[in-house]
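Each remark here refers to the structure printed beneath this line.
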There are 2 protein chains.
Amino acid sequence: MSRPVVVDAMGGDHGPAEIVRGAVEAWREHGVPVVLVGQAGVVRGELARAGAAGEIDVAHAADVVPMTERGAGAVRMGCSSLAVGFDLVRDGAGPAFVSAGSTGAVVACAVDRLGTAPAVLRPALAVALPTTAGGATVLIDAGATVDPTPEMIAQFALLGASYAQLVLGVADPRVGLLSIGAEPGKGNRLTRRAEILLRGMPLRFHGNVEGGDVLTGAVDVIVTDGFTGNVLLKNVEGTVRATLALAAAEGVAGSADLGRVARRYDPETHGGAALLGLTRTVVVAHGSSRAATIARACVVARDLAEGEVVARLGDRLAIRPGR
Amino acid sequence: MSRPVVVDAMGGDHGPAEIVRGAVEAWREHGVPVVLVGQAGVVRGELARAGAAGEIDVAHAADVVPMTERGAGAVRMGCSSLAVGFDLVRDGAGPAFVSAGSTGAVVACAVDRLGTAPAVLRPALAVALPTTAGGATVLIDAGATVDPTPEMIAQFALLGASYAQLVLGVADPRVGLLSIGAEPGKGNRLTRRAEILLRGMPLRFHGNVEGGDVLTGAVDVIVTDGFTGNVLLKNVEGTVRATLALAAAEGVAGSADLGRVARRYDPETHGGAALLGLTRTVVVAHGSSRAATIARACVVARDLAEGEVVARLGDRLAIRPGR
C-alpha cells in the first residue's frame with residue numbers, strides 16, 4: 001500500500017465529524033489511504049460513529065487551531081493538528097497533507113514547517129474555477145504570496161500548468177497572464193515585466209487575459225500575484241451569490257434551482273486549493289466542506305503527490321532573461 | 001442658462017445616433033444643457049432625425065478616434081472629437097465632458113489636455129456598482145492609475161467619497177480599502193501602507209474589505225489601485241454574465257427574466273465611470289450605451305461639475321503622516 005495522505009481532522013466548520021467521514025469515504029470509495037491527525041479520543045469517537053472504528057490510523061495532536069486564526073498565531077502552536085500533521089509529512093509518513101482549516105493558518109504553518117522546494121522562489125495557491133465552457137480554469141496564485149517578483153509569477157505559471165495537467169488532465173495547458181488589456185504591454189509594472197519573462201518560459205503562453213475572461217475557459221491557467229488572485233477568487237464567489245440572490249428576489253427562479261447553480265460554481269467541488277512549490281503537497285479544502293469535498297481533496301492530494309509537481313518541472317523552473 | 005455639458009457625439013458602439021438621441025433626452029427630460037462635438041454634417045443629420053434640428057449646439061471635429069484605440073494613438077489625433085471636446089471644456093465653454101468612447105483613449109486624452117487639479121497627485125476612475133442591499137457602492141480607481149503610491153490611494157478615497165455624496169446622495173460615506181482580509185494589517189505592501197494613511201485622513205474609514213464584499217453594500221466606497229480595480233470591475237461583469245448563462249443552461253429561468261437581472265447589475269445604468277481629480281469633470285459611458293444611458297451620464301456630469309469635487313475637498317486632500 002502506498003503511504004497515506006495525512007488529514008487534519010480538527011479543521012473546518014464541520015470538523016471533526018465531516019472530516020472523519022470524508023477520510024473514510026476517500027479510503028472506501030476512492031482507495032486513497034489516509035491517516036487522521038487530531039485529538040485521538042474525539043477522532044476515534046467519530047470513526048466509531050461512522051462505522052469505521054479501527055479502519056483508519058489516528059495520530060494524536062493535543063491542540064486545535066481556531067478557524068479565526070489567520071497566520072502567525074497558528075505557527076506558534078507546536079502541538080496543533082497542523083503542526084503534528086506537517087511534521088508527519090515532512091518526516092516521510094505520507095506524501096501530502098489535507099486540511100479544511102483557515103487558509104491563512106495552513107499556508108503559514110506549511111511554509112514554516114515544510115519550506116519551499118529546491119529552485120522554487122515562493123509557494124503559490126492554485127484553485128480550479130469552473131467555466132461556462134464546461135471545464136475548469138486554474139487560478140494561481142490565489143493568495144499565498146501577495147508581493148511576488150516577476151520571476152515568481154513566471155514560476156507560478158509553471159506550477160499552475162503542472163496542476164492543470166495532473167488534476168484536470170489537460171495535456172498542453174494554455175497559460176494567460178491576468179492584466180487590464182489583452183494587448184501585449186498592457187498592465188502595471190509587475191505584469192509588464194512578468195509578461196516578458198513568460199514569453200521566454202517553456203510553457204504555452206497565450207498572452208494577457210482580463211477579469212472578464214476568468215470563467216469563460218479562454219485559457220487553462222490564469223497566473224497573477226497572490227493579492228489580485230485572492231481578491232478575484234473572493235469576488236467570483238461573492239458575485240455568483242449576489243447574482244443568484246437578485247435572481248431570487250426578482251422571482252425568476254426557485255431557490256432550489258438557484259442552489260443547484262450555486263453549487264455548480266462552487267470552487268470547492270473541484271477539490272479545494274493546492275499550495276504548490278513546497279517540499280510536499282498541501283491541499284486546503286474550504287472551511288465549509290462536507291465529507292464528499294474532503295474525500296475529493298484527498299484524491300487531488302494523492303494525484304498531485306504522485307505527479308510530484310516540482311520534481312517533474314526540474315530545470316524548467318529556471319528563469320531565463322526576459323525578451 | 002448654465003454652461004453646457006460637452007458631449008462626444010462620435011464615441012460608442014452605437015454613435016452617433018444613440019449619442020445624439022441621448023443628448024436630446026438629457027436636455028428635454030432632465031434640463032441639462034449640452035453641446036455635441038463631432039463631424040458637424042453627420043451630427044446635424046442625426047439631430048434632424050431625432051426631431052431636434054437646431055435645438056442643440058454642434059461643435060465640429062473632423063476626426064473620429066476608433067473604439068479599438070486604447071491610449072497613445074488617441075492622444076496624437078489633434079482634430080478628433082475627444083481633442084476638440086477637451087479643449088472646449090479646458091477653455092471654459094462647459095464644465096464637464098461626456099464620452100462613450102474607448103475608456104483608455106478618453107482617460108489618456110483627458111490627462112493630456114486637462115491635467116490634474118491642484119493638490120491632486122493622479123486621477124482615478126469611479127464606477128457605481130449596484131448592490132444586493134438596493135443601493136450602490138463606488139469602486140475607485142477602476143483603471144486610471146495602475147501603479148499608485150499609498151498617498152494616491154488615500155486621495156482616491158476622498159475623491160470617491162465626494163462622488164458618493166454628489167451622485168448617490170450618501171451624506172457621510174463609509175470607505176473600505178480593498179484587501180485580502182478584514183483585519184488591520186492584512187494585505188500587500190501597498191495596502192498596508194495605504195491603510196495607515198487612510199486612518200489619518202478626514203473621512204469615515206471602515207477598514208479593510210474583501211473581494212466578496214463588493215456587491216453587498218458593506219461600504220459606500222471601495223478604494224483600490226487602478227490595476228486591481230479594473231480586474232475587479234471586469235470580473236464582476238464577467239461573473240454576472242457567466243452565472244446567468246449557467247442559470248439559463250440549467251433551465252432555471254427564461255432568458256427574458258435573466259436579461260432583467262443582467263440589466264439590474266449593469267454598472268452603466270448608474271451613469272458610467274467618472275474620471276475624478278482633473279481640472280474638469282469627465283464621465284466615460286460604456287461603449288454599448290443607448291440613449292437613456294447617455295442622458296444619465298450627462299446628468300451625472302452636471303451634478304459632479306456643480307459639486308466641484310476637487311474644490312470642495314480643498315485642504316482635506318493634503319496627506320498627513322501615517323500612524
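Nothing in this text is a laboratory measurement; each read-out follows from the coordinates by a stated rule. Here the structure is a predicted model, which is why all the values come from computation and not from measurement. No Cβ is skipped: glycine too gets one built from the backbone with ideal geometry, and neighbour counts run over all protein chains shown.
Numbers below:
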read-out: Calculated label separations, B:ALA182, copies of the chain, 7 Å along the beta-carbon direction, nm; value: 3.8
read-out: Considering only the range A:121-266, percent of DSSP beta bridges that pair antiparallel, nearest 5; value: 30 percent
read-out: Per-peptide average of other Cβ atoms within 10 Å, ordering A:89-101, B:154-166, A:207-219 highest first; value: B:154-166, A:89-101, A:207-219
read-out: Cα principal axis extents for the range B:122-268, largest first, Å; value: 51, 31, 27
read-out: Segments A:138-151, A:238-251 sorted - mean Cβ within 10 Å per residue, highest first; value: A:138-151, A:238-251
read-out: Within 10 Å of each Cβ in B:173-181, the average number of Cβ atoms from other chains; value: 3
read-out: Karplus-derived HN-Hα couplings along the range B:168-176 (A = 6.51, B = -1.76, C = 1.60, θ = phi - 60°), whole Hz, x at Gly and Pro; value: 9, x, 8, 5, 9, x, 7, 10, x
read-out: Overall Cα dimensions of the range B:145-232, principal axis frame, Å, largest first; value: 33, 25, 23
read-out: Distances in nm from B:ASP147 to the matching label points in the other copies, shortest first (labels 7 Å along Cα to Cβ); value: 1.6
read-out: Residue mean of other protein chain beta carbons inside 10 Å, A:204-214; value: 4
read-out: Inter-chain Cβ neighbour average for residues A:183-194, partner chain, 10 Å; value: 3
read-out: Coordinate range along principal axes, alpha carbons of chain A, Å, largest first; value: 58, 55, 36
read-out: Å³ per residue enclosed by the Cα convex hull of the protein assembly as shown; value: 151 Å³
read-out: Shape category assigned to the range A:63-102 from the gyration tensor of Cα positions, a/c cut at 1.5; value: prolate
read-out: Label spacing, shortest first and in nm, from B:ALA93 to its equivalents in the remaining copies (7 angstrom along Cα→Cβ); value: 7.7
read-out: Translational D in µm²/s for the range A:194-323 (Stokes-Einstein at 25 °C, 0.890 mPa s, Kirkwood Rh from C-alpha pairs); value: 140 µm²/s
read-out: Of all DSSP beta bridges in the protein assembly as shown, antiparallel share, percent nearest 5; value: 30 percent
read-out: Overall form of the range A:116-188 per C-alpha gyration tensor (a/c, 1.5; a/b vs b/c); value: oblate
read-out: Helix-only CD estimate at 222 nm, as mean residue ellipticity for chain B, using -39500 (n - 2.57) per DSSP H run (n ≥ 4); value: -13000 deg cm²/dmol
read-out: Rounded to 10°, Cα long-axis angle of helix A:40-49 versus longest principal axis of chain A; value: 90 degrees
